[in-house]
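Participant: One structure coming up, written as structure tokens, with questions to follow.
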Amino acid sequence: MSTESTYYVPDQSKLPIIAATGMGVMAYGAASWVLEGGTATIFLLGSLLMAGVLYKWWSIVIDENMRGLASPQLKHSYVLGMLWFIFSEVMFFACFFGALFYVRVLVNSWIGGEAAVGWFDDTPTDAAAANAVHLWPGYETAWPPMITPDQAVNGDAAQFKGPDQNMSFPGWDRILHWLPLWNTLVLITSSFTVHIAHTALKDDNRKKFNIWLGITVALGIFFLFLQVEEYIEAYVHMGLTLESGIYGTTFFMLTGFHGMHVTLGTVMLLIQWIRGLKGHFTHDDQFGFEAASWYWHFVDVVWVGLFLFVYVLA
Amino acid sequence: MAHGPATLADGWLKYISRWVFTTNHKDIGTLYLWFSFAMFIMGGAFAMVIRAELFQPGMQLIKPEFFNQMTTMHGLVMVFGAIMPAFVGLANWMIPMMIGAPDMALPRMNNLSFWILPFAFAILTSTLFMEGGGPNFGWTFYAPLSTTYAPDTVNYFIFGVHIMGASSIMGSINIIATVMNMRAPGMTYMKMPMFVWTWVITAFLLVAVMPVLAGAVTMMLMDINFGTSFFDAAGGGDPVLFQHIFWFFGHPEVYIIILPAFGVVSQIIPTFSRKPLFGYSSMVYATAAIAFLSFVVWAHHMFTVGMPIAGELYFMYATMLIAVPTGVKVFNWITTMYRGSLTFETPMLFSIAFVILFTFGGFTGMMLSIAAADMQYHDTYFVVAHFHYVMVAGAVFSGTAAVYYWLPKWCGKMYDETMGKLQFWIAFIGFNITFMPQHFLGLAGMPRRYADYGLQFADWNMVSSIGAFMYGGAQILFLYNVIRTIGWGKPTNDPQVWEGAEGLEWTLPTPAPYHTFATPPKLK
């Protein structure tokens, strides 16, 4: 609710139109890039413009805060903005998780000519039965599907071929060689370290803050390193690619988008770390850091969902 | 910021930079409104091409390929370019004035949300001139039409939708932050005008579903260019998955379009009935209930796709449930008018027409919600008629009403009442001539989205086309009336403008100063 203090409404700003131009150029560039024979030039130009304007934008916001223009009410607007942005990100991931559940629970059964789940339809519908006879004979319902419906019908001529190996839980004897477990440990640890950094900042313990935030950033980078390692293993040794049917599709899209968000979160935390070293933030004014840490907790929670539904329960 | 906004007298450069660099909610609101009107004219032109081709059976003017692009672009431009930005424009103008805030919560982001749109629509419409043509798969862009069988330009469509979605998300976050954080002291949630309530709920819907749309187009992008198989059963995916995701976005989307329209009508009817809105709190709860239900009914768009019977039944009954809160709203509007001292200025005429025609569109919606009956109605002109009754007579009529209602407040000049009423009657009659016969065509079995039709449909199609040209003409009158008002309208400086108008925005001087409520007003 409003208080007596006046709310800072910035005067005219050149930032938004440059940002909009950057986004427009990026969108146009990305679309022409994916076309056959397309190049990334325009897209990269747009990205450069966008990166520049975002840097400038946030510098201005930080500067305004340091000049005391940001009233508690304005800061609360920033808080709301960040929280609702994270909510929109939650919905983005919900879309891909929803696709995974739909495909796993319903489509996979129907293509194989089976009933989906007991309470939903306990005998196969005519359509599902027809699938097994006319469309995809030989396809057997399984998750992860190591043989795609295409392969079941067309054999080696198939366009979509299943992977040689999958990323599922390899059994207790090989658990220590299972990369996703280490990834989980790294990311969950980083959620704790960022929390320790937060508490340290609230206590005005700058040294502790710098150290623990630094450790968090390092853990984020380490996670990404492990993720790249896992992708290399998938592509080179396991025959698991984006094109390995729906399993490869959901696996790479979910973990890939998560990885992109970890990258973004790591960059955000890194910037806050540099700001911390430069002496920004006080024990009661630290929104930039807090926003980045909320984002970090969010990517952590998404990973827990991924670990459960993409890796463990496969 | 002591100086006022730049005018033409300050030179072109200053005047243009005022609009491009602005952080003022009123300027941004104006930009949104003019942009949406431009898109409305463009989308309308596409509609005219469609109706001209359908004037007679057989192919006369355009090729079927181009016809498909026209139906697709008409839908996309009207939904994302005309109706949504129009209501965002109204939100920008009115919400800060209604809740006693100095501006929107995040003014620079506000400007960014707007300026993304011209880029997005430039990208989208430029595809019409590219090799392969524009999107031709219908505004619902079902896979595999939009993936396997799509023209190459689909990638421009995909990224255009991406940045458009970013614009919507930023705009909605701004509205939510404004309403939650910027209300004047004493402006409790349950004292907020209905328009503010409907918009904050709409903004919530947008933040929740625009990312899902982004997910859907991303999946398309991957399927088209990177060999994934989200929508391809050969790889273990399912084209129906696309429909589920799309309609999980798409159903809340139709409420995103209509809820602010409800808000506008809930402001106008009390004014011209000279009575407070009947059942304010039930209006708020009904809006929230509609928003909640909109998330759990999406597959009623897919009754014929081959769902298990349990799914058909669930989505049928859940959909019918929406009639309850919607009925509450219609009841309240009518009861507000009951024994009021009614006058029938242009905004009121459009609002009453809204109540009648929207309700009619709601009833045809109830018919469509019956899964068994929908097997007959699905993808016929009955559906086209149904959603144009709620989109045009619903959203567009209420948007028109809003412009007439608030225009005097915005520019301090009165529009020409006679011309306003003339526009209303042409629009009202033209609209019904266009879309009423489409019910009959649909029930008789004419499928939607085809460039040609059987001879038995010829008469009503001709009637429908005549109505469409009439309705299109009414919009030219609208444009003329608005420009005439801004330029040469009769000046007025009565803060209240309308005798029965109540609320903070009517306590401000007319025309509304560039900066309002720099210090928040105190409410009792």
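Participant: Using 0.36 nm times the number of residues separating B:F344 and B:I356, minus their current alpha carbon distance, what extension gain do you get?
Facilitator: Once the chain is fully extended between B:F344 and B:I356, it gains 2.8 nm.
Participant: Oh, and also: Rounded, prolate or oblate for the protein assembly as shown? Axes are the square roots of the Cα gyration tensor eigenvalues, ordered a ≥ b ≥ c, and the cut-off for rounded is a/c under 1.5.
Facilitator: The shape class here is oblate.
Participant: When all C-alpha to C-alpha distances in the range B:402-502 are sorted into bins of 5 Å, what percent of pairs does each bin hold, rounded to whole numbers?
Facilitator: 2, 12, 17, 15, 12, 10, 9, 8, 7, 5, 2, 0
Participant: Next question, about the same structure. Stokes-Einstein at 20 °C, 1.002 mPa s, Kirkwood radius from Cα pairs: D for chain A in µm² s⁻¹?
Facilitator: The calculation lands on 94 µm²/s.
Participant: How big is the range A:1-121 by the Kirkwood estimate over distinct Cα pairs, in Å?
Facilitator: 19.0
Participant: What is the range B:34-192's relative contact order, in percent, from Cα pairs under 8 angstrom and six or more apart in sequence?
Facilitator: Relative contact order here is 29 percent.
Participant: Moving on. Roughly how tilted is helix A:41-66, in degrees to the nearest 10 and between 0 and 90, from the longest Cα axis of chain A?
Facilitator: So the helix axis and the longest Cα principal axis differ by about 40 degrees.
Participant: Quick one: net charge around B:T336, please, counting Lys, Arg +1 and Asp, Glu -1 for every other residue with C-beta under 12 Å from its C-beta.
Facilitator: Taking every other residue near B:T336 into account, the sum is +4.
Participant: Any number yet on Rg/Rh for the range A:10-69, C-alpha, Kirkwood?
Facilitator: 1.18
Participant: Still on this structure, please answer the following. If you line up the long axis of helix A:206-237 against the longest principal axis of chain A, both from Cα atoms, how many degrees apart are they, to the nearest 10?
Facilitator: With both axes taken from Cα atoms, the answer is about 20 degrees.
Participant: In whole angstrom, note down how far apart the Cα centers of the range A:191-229 and the range B:329-370 are.
Facilitator: 58
Participant: Could you work out the Rg to Rh ratio of the range B:205-331, with Rh taken as the Kirkwood radius (inverse of the mean 1/r over all Cα pairs)?
Facilitator: 1.11
Participant: Can you put B:I433, B:I163, B:I28 in order, fewest other beta carbons within 10 Å first?
Facilitator: If I rank by nearby Cβ atoms, fewest first, I get B:I433, B:I163, B:I28.
Participant: How charged is the neighbourhood of B:P193? Take every other residue with its Cβ under 10 Å from the Cβ of B:P193, and add Lys/Arg as +1 and Asp/Glu as -1.
Facilitator: It works out to a net charge of -1.
Participant: Here's something else I'd like to know. In nm, to one decimal, how far is the B:R484 label point from the A:L69 one, both placed 7 Å along Cα→Cβ?
Facilitator: Label-label distance for B:R484 and A:L69, simple model: 4.4 nm.
Participant: Treating the angle as unsigned and between 0 and 90°, give the value, to the nearest 10°, between the Cα long axis of helix A:287-306 and the longest Cα principal axis of chain A.
Facilitator: The answer is roughly 10 degrees.
Participant: Also, I was wondering about something else. Would you mind getting the Kirkwood hydrodynamic radius of chain B from its Cα pairs, rounded to one decimal in Å?
Facilitator: When all Cα pairs of chain B are included, the Kirkwood radius is 23.7 Å.
Participant: Let me ask something else about it. Debye calculation, C-alpha points only, no solvent: report log10 I(q)/I(0) for the range B:52-144 at q = 0.10 Å⁻¹, in the same order as the q values.
Facilitator: Values, matching the q order: -0.42.
Participant: How far apart, in nanometres, would the label points at A:H134 and B:T519 be if each is projected 7 angstrom from Cα along the Cα-to-Cβ direction?
Facilitator: 7.7
Participant: So if a site counts as exposed when it's one of the trypsin sites (Lys or Arg not before Pro), its DSSP state isn't H, G, I, E or B, and it has at most 10 other Cβ atoms within 10 Å, what's the longest stretch of chain A without one?
Facilitator: A:68-277
Participant: Follow-up. With the convex hull built on the Cα atoms of the range B:115-188, state its orientation-averaged projected area in nm².
Facilitator: Dividing the Cα hull surface by four gives the mean projection, 6.4 nm².
Participant: Just tell me the longest site-free run in chain A, where the sites are GluC sites (Glu not before Pro) in a DSSP loop having at most 12 other beta-carbon atoms within 10 Å.
Facilitator: Excluding the exposed sites themselves, the longest stretch runs over A:37-314.
Participant: I would also like to ask the following. Whole angstrom only: what separates the Cα centroid of the range B:109-170 from the Cα centroid of the range A:253-282?
Facilitator: So the separation of the two Cα centres works out to 30 Å.
Participant: Put +1 on the Cβ of every Lys and Arg and -1 on every Asp and Glu Cβ in the range B:22-507; which of B:T30, B:A120, B:G362 then has its Cα farthest towards the positive end of the dipole?
Facilitator: B:T30
Participant: Still on this structure, I have one more. How big is the gap, in Å, between the Cα center of the range B:417-432 and the Cα center of the range A:19-96?
Facilitator: For the range B:417-432 versus the range A:19-96, the Cα centre distance is 44 Å.
Participant: I need the helices of chain B that pass two filters: whole DSSP H segments spanning 15 Å or more by Cα along the axis, and mean Kyte-Doolittle score no lower than 1.6.
Facilitator: In chain B, the long hydrophobic H runs are B:194-225, B:346-369.
Participant: Over chain A, what relative contact order in percent results from Cα pairs under 8 Å that are six or more residues apart?
Facilitator: Across chain A, relative contact order equals 14 percent.
Participant: Right, another one. Under 17 Å Cα-Cα from A:K207, which lysines qualify once same-chain neighbours fewer than 8 residues away are excluded?
Facilitator: Those lysines meeting the cut-off are A:K278.
Participant: Can you find, among A:F252, A:L100, B:S464, the residue sitting farthest towards the positive end of the charge dipole of the protein assembly as shown, where Lys and Arg contribute +1 and Asp and Glu -1 at Cβ?
Facilitator: B:S464
Participant: Right, next: How much of the calculated P(r) for the range A:93-231 lies past 24 Å, in percent of all Cα pairs?
Facilitator: 56
Participant: Take every Cα pair under 8 Å in the range A:106-176 that's 6+ residues apart, average their separations, divide by the length, and report that relative contact order as a whole percent.
Facilitator: Value for the range A:106-176: 22 percent.
Values quoted throughout were computed directly from the atomic coordinates according to the rules given, and no laboratory measurement underlies them. From a predicted model like this one, the values you see are computed outputs, not experimental measurements. Please note: Cβ atoms are built from the backbone with ideal geometry, for glycine as well, and neighbour counts cover all protein chains shown.
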